[in-house]
Structure formats: structure tokens, C-alpha cells
Amino acid sequence: MEYNFRDIEKKWQQRWVENKTYQVVEDKNKPKYYVLNMFPYPSGAGLHVGHPLGYIASDIYARFKRLQGYNVLNPMGYDAYGLPAEQYAIQTGQHPEKTTFQNIDRYREQLDKIGFCFDWDREVRTCDPVYYKWTQWAFQKMFNSFFCLKEQKALPIEELIHHFETKGSRDDDGGPIKVACTEELHFSAEEWNSWDEKKKSDVLMNYRIAFMGETMVNWCAGLGTVLANDEVVDGVSVRGGFPVEQKKMRQWCLRVSAYAQRLLDGLDTIQWSDSIKETQKNWIGRSEGTEVEFKIADSDESFTIFTTRADTMFGVTFMVLAPESELVAKVTTPEQKAAVDEYIKYVKGRTERERMIDHKVTGVFSGSYAINPFTGDKNPIWISEYVLAGYGTGAIMAVPAHDSRDYAFAKHFGLPIIPLIEGADVSEESYDAKEGIVCNSPKADLSSSQQEGATSFSLNGLTVKEAIAATKKYVTETGIGRVKVNYRLRDAIFSRQRYWGEPFPVYYKKGIPTMIPEECLPIELPEVDKFQPTETGEPPLGNAKVWAWDEVNKKIVENSKIDNETVFPIELYTMPGFAGSSAYYLRYMDPHNNQALVSKEADEYWQNVDLYVGGSEHATGHLIYSRFWNKFLFDIGISCKEEPFQKLINQGMIQGRSNFVYRIKDTNTFVSFDKKGQYEVTPIHVDVNIVNADILDVEAFKAWRPEYATAEFILNDEGKYMCGWAVEKMSKSMFNVVNPDMIVEKFGADTLRLYEMFLGPVEQSKPWDTNGIDGCHRFLKKLWKFMTNEEGTINVSGNAPSKAELKALHTLIKKETADIESFSYNTTIAAFMVCLNELTKLNCDSREVKEALTVLLAPFCPHLAEEFWHLLGHTTSVCDAAWPVLNEDYLKEDSVKMMVAFNGKARFPLEFPANVTKEEAEKTALADPQAKKWMEGFTVVKVIVVPGKMINVVLKK
RNA sequence: GCGCUUGUGGCGGAAUUGGUAGACGCGCCAGACUUAGGAUCUGGUAUCUCCGAUGUGCAGGUUCGAGUCCUGUCAGGCGCACCA
């Protein structure tokens, strides 16, 4: 009987549903293992063969762990909020929920065909009120928290309020309070207590973890909303490609920056790839440096700069402020005012994009000078766009000799350059390396630099590293400055002016943002009749006529004994895409819980994700936000683990392999790839589904599009039309999309699963090429033939397995057990093929061997494995079988083969008994007649014996 | 510019701690069975001047021995990018 994959797969997929084979419940008697895929955004295009790659890889791992006796959680859900559905809604008036649900159904249908072991009872959808209740809840918790820098954790805002009431903004040591804030504020307890509600609320916003701030945002008029930095590439939106401009707006933000150090430290505790860790480190951008205070000459004002090169204090020749800096107005002298204003105007007219692309040297002198606290020198203060307001203090000390940007500026404006490192030649370019011996600090010529305010402090003779340390110590002791750590990581903007997202659980009471009581959550997304902004320019939620909020408002009004007619305005912004995807992994642990995001028991049982699989493109988005979100939940005692994803595997992208036909210019004649050289041709993408092994199906091509119906062809000498090909992104427009449904239909899900894994390492990007799939399909057909007889029943005898059979089997057990653990699936499959070949040659009909083989097959080809298991007489699922135990004894050889090599060059093998000693092997090898031939005319210097591998004889003339 | 990462046959890709480079599959070649083959089976398949020599992007180095370790360099991919 033939391998009938269609019937087999259909049958088992049904039975898995009927028997709830993949339903998982907490079981304290078993160790847990949590496997998770990044949940997909269900796009209208459906799945192509690239999408399931990660799901298959994790499915294999999940099944493997289950067979090893773990209680495996492997859930799936949908990241349902997204711009495409909303854009579609704006264009067609179709509710985004409707398209989203349609897409979800389509995804589910496609996923089901591939035979995953997802526990669908735990499915979550971010747009489901039952789910986003907890997104809103978490936001409220963040609103009601601040970040204590001393304890490095989130604490209830009440503690901060209490501190303000009693001590103001001063810490116990008299300095400013050590909490994460937008800007440092100074006030006394009396001042605090005298303020009204509105003022207090405004001040607290400076400290809350979820806060409202005025920020420069990436405003995308085309989409009518703000975008996160990672949603903007080259000045246009990733979705839609609309232009993006900078605009100051009132926005909800999350104080992600408060967690910068913990986000950095946490990387050492998780098993992620170096490249992702590096990307995150880069993104967090920690830099250790020194803040130094510079007095403004002839003024009481001073300002602080940040530098990582404290050793270059003696090389400062000018100062630079960011054009946006508040100091600009203070330092600009009346004489320079016109020039400065003009410059500021120029900078404002430049878009972020222009500033990013061309690094023009521009700037203007402010008219003021700053006094270098080390030398007493007066340094001119300049204003230039190359200094960024958002980093450090927005002001720098310029050391042109040792910083290339300062150098370019100094050269352009004719400012002095003082080299500070022995032997550094700065006549052509700056010497930026942090290496060498410091000199000129201070200058040897004391008399000229011995002016008022100069120190006797010297760095001369020290290495750069030593000089930095010495300067840090000095500025700290003298109070000129302090050691400071800066981070590049910025706070996340958390609001969008869109419809299709989570509404904020916030209303405005006399202009004060106020949290809706927890028991009234969730605030459901209201119906609207159009999805665009309102006529008055409010976000689309302003179109809502009926709100769930109305009821809540009534309750609040009743409880607070104010005029029953009062209607408080509700927040009309919605949350961004990353809101719902930041803690979804916790929800899978306990998806139906209506009392908590996750119960203590479920959280303590499942802990965190052991294996997370998804694309590396989320490195600076989702993977930072969810780590931040989870750390916050850890701080407030919801999650018992600080890091959400212990091990991360980034599956590579599956690229498309496009095919081309070549049309001869101005004709409807197409020439085969191998003959196109003789003509002037235009390559045209052709649907890969009508091409097989680069040979075009000419008739199908004619039928493909009306304009090709009359096409003529110049075929090659074999009478075939050969197509050209290229590796490109898999996309509809390139006609290279391969649909998994089609592969499943033609070869079966088990073949698809096998082939996707056989293609190469999971983490590597590679082009999809359907041509190779035959090999995997053939393997399954051979396996079917090996396992069953003509009648389609299993072919076994009661015979005990032979030694050779056991050896073949246990070689596979050893290889597969180790390889799955390291996600080396392609080599496992190769080993399986070798093993099958071996057993087929041996005519193996042992039940023991076939049972073990079935279990070994189960992670990769669950349908076929179930069928074999069933045919072997089992009534339970193969998922509940036990992973075969390796017996190394079967792998032992009676004899060992060693390669005899001369001067490292392998020549011939020799066979020895398994227990041969080094000395015996050496003696035998040297006495061998073949060896004698090789050694003629040489003397033996020494012999190196690597047991079981080789005997290397070192020869000399 | 900085950081990470990858370079192995016609192709996808294998190679524990340095120890017979090219497993396994595709493709190709030959043969068998066939009315037929885009079915199935068997064998072969790195290169060359084919005894033998040369081969893992390139150039060096360490070693008895290097795809693997070290130094430099080139090329592709990804991330960040005026971050002081």
C-alpha cells in the first residue's frame, strides 16, 4: 500500500482535537517547559512558507520535551491590533475587527493543516476585552508607580507623595531625591503642600512610570498618528511609506529609560544570541563619563557638560551648545543675538532627516565665554546642530585634537587645536583613539598658563585610561563635577491617535488625568461610524456616540456626590501596538482568569518562557518593551521572574526564489535563459508556481495572463524554456510566494515540516526552493515502505533485534537527542535518513526497533508517527510515549580504524582491536608494509597516536 | 564610521575537544525495470596535467597536524549612526 499522507494527516488532526491531545494543565508532578513563538499579526495575505518556519522549529522542540517527560506549554495567539486592518477600515468602512477576525480564521485554517501541538484553549487575542483589560490594568499600575534609583525598582507613587509632603524634593542626604524623572525639580515640603491638585498632578507626571509629557514625536500625517522610532525608516513610515515630521505633542509615555541599567544587566542572565544582545546593548547605549561644571565668564550662571574623555580637560578650546538648549538664550550677547536667531531659524527649518543624512559643519558664536575649571582659560561658547539636545546635558566641551567632530568644527571656524597625547599628529585629522601617554596637561610652559583659577593638577605621563580615572577622582573631590552614567535609551511614547488599539483607562477630572477605578475595567473600545479623525481634529475615538465609559462615568459621579449631569471627558488616544504584546506570555499561563493577569499558582508553576522563537527584527522593539514591562510586573510582585524569555532563537527569514522569463524587446516572443545573450531582452517576473526546476510550463504561462495568450517562445536545444532566477524577498509583486497549503496538498504536512527543517539551520536566512522537497518526500515514502507491508499493516516479527540493527538505532538516538537540544534539525534528519538506509539493508523487522523509530520520528512528522504508533497496536497517542533511552554499549566497536598519516597527511587506514594500546598501535603501524614504503629515505622523529582517530608519523629527510 | 555576523562542490548545506573536508538532500551522469517516465531501484559525481598533486574568500602565523586557533585583509548580510 502507498503512503497515503492525505488520509493519515486528516485522520490524526481530527483525533487530536477530539481527544484534546494538546491540552495542557499544571501538573506539579512533572517538570514544566514553556515554549513560545512570537504571536503573529494576522495579515490579509495569509501565511507563506516562511511564516511557519519558527513554529515548526519550536513545535519539534515542544514535542521532544514532552516525550522526555516534561509538561510542555506551547500556546498560540494573535497580535490583533495593527495598522493594515485600520487602513483598510478607513478605505472601505469595514470594521477592523471584522477583517482581523477573518484573517485570524484564515491563519488558523492554515496553521491547523501543518499539525502543530498548540493548546488552542489558551489562545489570546490582544483586541479581546477579556485580554486587554490586563493591558489597561498594567498601564494603571505604571501610572501609580515611580522608579527609585537607590533600590533600582518601581515603588508605589504614594511613597513619593509622602516624601514630598514631609521632605519636599530633597533626599535625606540633602541632595536631590534619587528617583527617575523627566527633569530635576526642586521644591520644599511647604511648597508641595501649598499646591493645588492640578499642580501636584503636573509635578507627579515628572516621576510616574507611565506619564503624560510634552515630547517631540514622529508625526505621520498620512496615517494621522505618531509613530515609534522603529516604525520610521529613512523619514517615512514603515507601514505605508508616508512622510514623517517632528512635532511637539502631549503624549503618554513609559519611563523605559529608568530601567536602562537593569535591562543591560539582565542580558547576562539570559541565553540569547550575541548579535541580539549586542543590538540591545547598543540601543541602551550606556556610556560612563564625567559631568563637569563650567562657569560662564562675567556672569553668575554656569552649565554642565558631559564627557567620556575627562583626560582631555586641558585640550578644550571651545564649548558647544545644542541649538534647542535652554542655555542658548542665556549666553547669547546682544551683539550676537541677530546671528544666533538666524542660525536657530535655519536649524528649525532642517528636518531630522536632513540632519541625519548630511553632517554639515554649521554653527554660530554666542558671544559668551566659559571658564575651564582646570586651566582658567576662557573658551568661546558656540551653538551648533552637531550637539544633540536629547543626549547628556545638551552641551559639550570641544577637544578638537581628539574628537573628529570637534576637529571638523575647529578647522571650519579657525579655532585652536591643542594635542594632548605624545606623538599624536593632528595636522590632518584628529587622534580619536583612547590610547597613548598624556602630555600638555597642563602645558610644560607653566608661566603662560599660570593664571587665576588654574590648578596645579597634572595628568602628564599617565596613560589615557589612568588620566580619565585621575580626573574623575579630582573633579569629585573638588566638587567641580561628578561621575555620571548616561544612556541612549529613551522613554517610549505610548499613545497613538488611532482607532484600532486599546483605549486608555483614563478620564479627565478638571483637566487632571485620572485613572478609571480598577473594578470598572476593561474600558471597551467604542463603536464609531468612521475611523478618521473628527472634524475638530480629535482622534477617531472622538467619533464615538455610545461609550462603555458612559456607564462608568455615571458610577463615578454618583460616588463622588457631584452633579449627576457631569460628564468627564475620557482619553481619546489609544495604546500602541507593543502594549498588547508586552506581557502576553504571562496571560497564556492563565488565560481565563478574570481576577488577575495571572494567578500566583500559574505564574509560579510556569515561571517564564524557556524557549522563545521569533524574528530578530524585534530586537529593539518588542524584545526591549516586553523585558521592560515584565521587569515592572516583577517589581510589583506579579511575575516571579525578572526576565521573560530565558532562551531566544531567532529564526532566519525565508527569502523567495523568483523566476524570470525574457521578452525580446518590442515583441511578444520569449527567449529561453540559455539563449538570451543573442537578443535585447527585458526580464519579467513569472509566477514560480508555473515553473518547475527552472523549466517554464509554456501552456500554463499562456493561460496565466491574457497578454501572454499569443506569446511565442524560442526554446533551447532540448526543446525547453529555461527561466532565470534570483533570490529576493518573498512577496506577491515578485510572484515568488509559495503557499504552505499547496505544499501540504501535494506532499503532506509531514513532508513540509521535514523539508523546512532540512533546508538548513533554523537561525539562518535562506531562499525557499521547492525543488528539493522531493528528497524529503521520498524519505517518508521509503520509511512507510520499511514500516509496513503490502496490506498497509505494520511489518514486524517477534525476533530480537540484531546487533547491527541496534547499533544503527542507537547511533540515531544519540545524534537526535543531542542535535534537537541544539536546534540542529537538519543534521538530525540526515542521520535519520542514514539510519533508515541501514535498517532497510538489514531487513530489520524488530518491533523494538520500529517502536523506537516511531518515537524518534514523532517530533518531526507527528501524523505519520501517530499512524505507525497506532498500527503497532497502541491506543494512546505517540505524544505520550517515552523518548528512547540511549545504550552506549550498542555503539561500541569490536575494532577501531585509525588513519596512518605522515607529517599530518593521511595516507591509509589500519584496523585494530578495540582495546589496542597506543604503544601497540604505534608498533603495528610502523611495521606495516605500506608504512615502510612511505618511510623510505626518511627517519622517524616521533609518532603521535590519537586513539580511535589517527597515528601520525613525523618524518625527516 | 562603530558593533555584530557569515564566507566550504553546479545548489541547500555537514564536519565533538584542532585529527580521513564535502555527511544528508537537490541537480547531474550511467545502468536496471518499464509501452512510457517528471514513478521506482542500483552505482557514480570537489578540481587538475587523474601515477600523483591541489583544494574550505585572500595573505600570513601557531602546530606533527588548521574549515576549526591567532594576526591582517577582502566581500556579503544585519543593527546603530553627529551619543561627546
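The values are calculated or read from the model by the stated rules, or taken from the named source; none is laboratory data. None of the values given here were measured: they were computed from a predicted structure. Every residue, glycine among them, receives a Cβ derived from its backbone with ideal geometry; neighbour counts consider all protein chains shown. Surface areas here come from the heavy atoms of the whole protein model, side chains and all, with no ligands, DNA or RNA. Shrake-Rupley method; radii C 1.70, N 1.55, O 1.52, S 1.80 Å.
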Worksheet item: What single numbered condition from (1) closer than 28 Å to A:Lys509 by Cβ; (2) touching a strand residue (DSSP E or B) at 6+ places or on another chain (Cβ under 9 Å) fails to hold for A:Glu551?
Response: (2)
Worksheet entry | Qualifying residues in the stretch A:495-538 (those that are free of Cβ contacts under 8 Å to residues at least 12 places away in the same chain and of a type outside the set (S, T, N, Q)) - the one nearest to A:Leu572 (Cα to Cα) | A:Gly537
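For A:Arg753, indicate whether it is open to solvent by 50 Å² or more (accessible area, probe 1.4 Å), within 15 Å of RNA strand B (Cβ to nearest atom) and under 27 Å from A:Arg6 (Cβ atoms). Outline the logic, then answer.
Working: open to solvent by 50 Å² or more (accessible area, probe 1.4 Å): no; within 15 Å of RNA strand B (Cβ to nearest atom): yes; under 27 Å from A:Arg6 (Cβ atoms): yes.
Criteria not met by A:Arg753.
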Worksheet, complete the sentence: Picked from the stretch A:808-847 (must be over 17 Å from A:Cys776 (Cα atoms) and part of a loop (DSSP other than H, G, I, E, B)), the residue farthest from RNA strand B (Cβ to nearest atom) is A:Asp845
Practice prompt. Determine which single condition A:Val485 fails, assuming it passes every other condition in (1) touching a residue at least 12 places away in the same chain (Cβ under 8 Å); (2) more than 16 Å from RNA strand B (Cβ to nearest atom); (3) open to solvent by less than 60 Å² (accessible area, probe 1.4 Å).
Written response: (2)
Worksheet item: Where residues in the stretch A:267-291 are open to solvent by 10 Å² or more (accessible area, probe 1.4 Å), part of a helix (DSSP H, G or I) and more than 10 Å from RNA strand B (Cβ to nearest atom), which of them is modelled with the lowest pLDDT?
Response: A:Asp268
Worksheet entry | Verdict on A:Ala398 being buried (at least 19 other Cβ atoms within 10 Å of the Cβ), out of contact with any His (no Cβ under 9 Å at 6 or more places or on another chain) and not basic (Lys, Arg) | yes
Fill in: When residues of the stretch A:38-86 are limited to those that are of a type in the set (D, E, K, R) and open to solvent by 10 Å² or more (accessible area, probe 1.4 Å), the one nearest to A:Phe860 (Cα to Cα)
A:Arg63
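Taking the criterion of being part of a loop (DSSP other than H, G, I, E, B) and away from RNA strand B (no atom under 11 Å from the Cβ), would at least one residue in the stretch A:397-414 satisfy it? Don't jump to the end; show me each part of the working.
Initially, the stretch A:397-414 is screened for residues part of a loop (DSSP other than H, G, I, E, B), giving A:399, A:403, A:414.
Add one more test, that the residue is away from RNA strand B (no atom under 11 Å from the Cβ), and what stays is A:414.
Yes, that holds for at least one residue.
Conditions tested, residue by residue: (1) small (Gly, Ala, Ser); (2) at pLDDT below 95; (3) away from RNA strand B (no atom under 14 Å from the Cβ).
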residue: A:Glu293; (1), (2), (3): no, yes, yes
residue: A:Ser299; (1), (2), (3): yes, yes, yes
residue: A:Thr304; (1), (2), (3): no, yes, no
residue: A:Thr308; (1), (2), (3): no, yes, no
residue: A:Asp311; (1), (2), (3): no, yes, no
residue: A:Phe314; (1), (2), (3): no, yes, yes
residue: A:Met319; (1), (2), (3): no, no, no
residue: A:Pro323; (1), (2), (3): no, yes, no
residue: A:Ala329; (1), (2), (3): yes, yes, yes
Discussion item. Pairs please, first residue from the stretch A:394-408 and farther than 18 Å from A:Thr375 by Cβ and at pLDDT 95 or above, second anywhere and in a helix (DSSP H, G or I) and near RNA strand B (Cβ under 7 Å from one of its atoms), Cβ atoms under 6 Å, 6+ apart in sequence or on different chains.
Written reply: none
Fill in: Total residues in the stretch A:91-109, condition under 15 Å from A:Phe39 (Cβ atoms) and surrounded by fewer than 19 Cβ atoms within 10 Å (Cβ to Cβ)
2
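Looking only at the stretch A:695-744, count every residue that is of a type outside the set (Ser, Thr, Tyr), within 30 Å of A:His51 (Cα to Cα) and surrounded by 13 or more Cβ atoms within 10 Å (Cβ to Cβ) and tell me the total.
Counting residues in the stretch A:695-744 that are of a type outside the set (Ser, Thr, Tyr), within 30 Å of A:His51 (Cα to Cα) and surrounded by 13 or more Cβ atoms within 10 Å (Cβ to Cβ) gives 26.
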Worksheet item: Which one of these does A:Val35 not meet: (1) surrounded by 16 or more Cβ atoms within 10 Å (Cβ to Cβ); (2) not in a strand (DSSP E or B)?
Response: (2)
Worksheet item: Among the residues of the stretch A:783-793, is there at least one that is within 30 Å of A:Lys746 (Cα to Cα), open to solvent by 10 Å² or more (accessible area, probe 1.4 Å), within 9 Å of RNA strand B (Cβ to nearest atom) and touching a residue at least 12 places away in the same chain (Cβ under 8 Å)?
Response: yes
Fill in: the stretch A:642-658 residues that are on the phi > 0 side of the Ramachandran plot, paired with ones that are basic (Lys, Arg) (beta carbon under 6 Å, 6 or more apart)
none
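Could you tell me whether A:Tyr88 is part of a helix (DSSP H, G or I) and over 24 Å from the mean Cα position of the chain (by Cα)?
Details: part of a helix (DSSP H, G or I): yes; over 24 Å from the mean Cα position of the chain (by Cα): yes.
Yes; evaluated as a whole, the condition is true for this residue.
Kindly provide the set of residues from the stretch A:843-886 that are of a type in the set (S, T, N, Q), under 20 Å from A:Val17 (Cβ atoms) and touching a residue at least 24 places away in the same chain (Cβ under 8 Å), ordered by number. Give the derivation first.
First pass over the stretch A:843-886, keeping only residues of a type in the set (S, T, N, Q): A:843, A:846, A:854, A:875-877.
Still in the list and also under 20 Å from A:Val17 (Cβ atoms): A:875-877.
Listed by number, the list holds a single entry, A:Ser877.
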Worksheet item: How about the stretch A:895-929: which of its residues are in a loop (DSSP other than H, G, I, E, B) and either within 16 Å of RNA strand B (Cβ to nearest atom) or touching a Leu at 6+ places or on another chain (Cβ under 7 Å) (or both)?
Response: A:Asn903, A:Gly904, A:Ala914, A:Val916, A:Asp928
Response to the item:
Here the residues within the stretch A:554-573 that are out of contact with any Gly (no Cβ under 7 Å at 6 or more places or on another chain) and of a type in the set (A, V, I, L, M, F, W, C) are A:Ile556, A:Val557, A:Ile562, A:Val567, A:Phe568, A:Ile570
Worksheet item: Given the conditions (1) open to solvent by 60 Å² or more (accessible area, probe 1.4 Å); (2) away from RNA strand B (no atom under 11 Å from the Cβ), which single one is not true for A:His359?
Response: (2)
Worksheet item: Residues A:Phe860, A:Phe868: which one is part of a loop (DSSP other than H, G, I, E, B) and at pLDDT 90 or above?
Response: A:Phe860
Discussion item. Looking for something without any contact (Cβ under 8 Å) to a residue 24 or more places away in the chain and within 25 Å of A:Arg122 (Cα to Cα) - is there at least one such residue anywhere in the stretch A:609-628?
Written reply: no
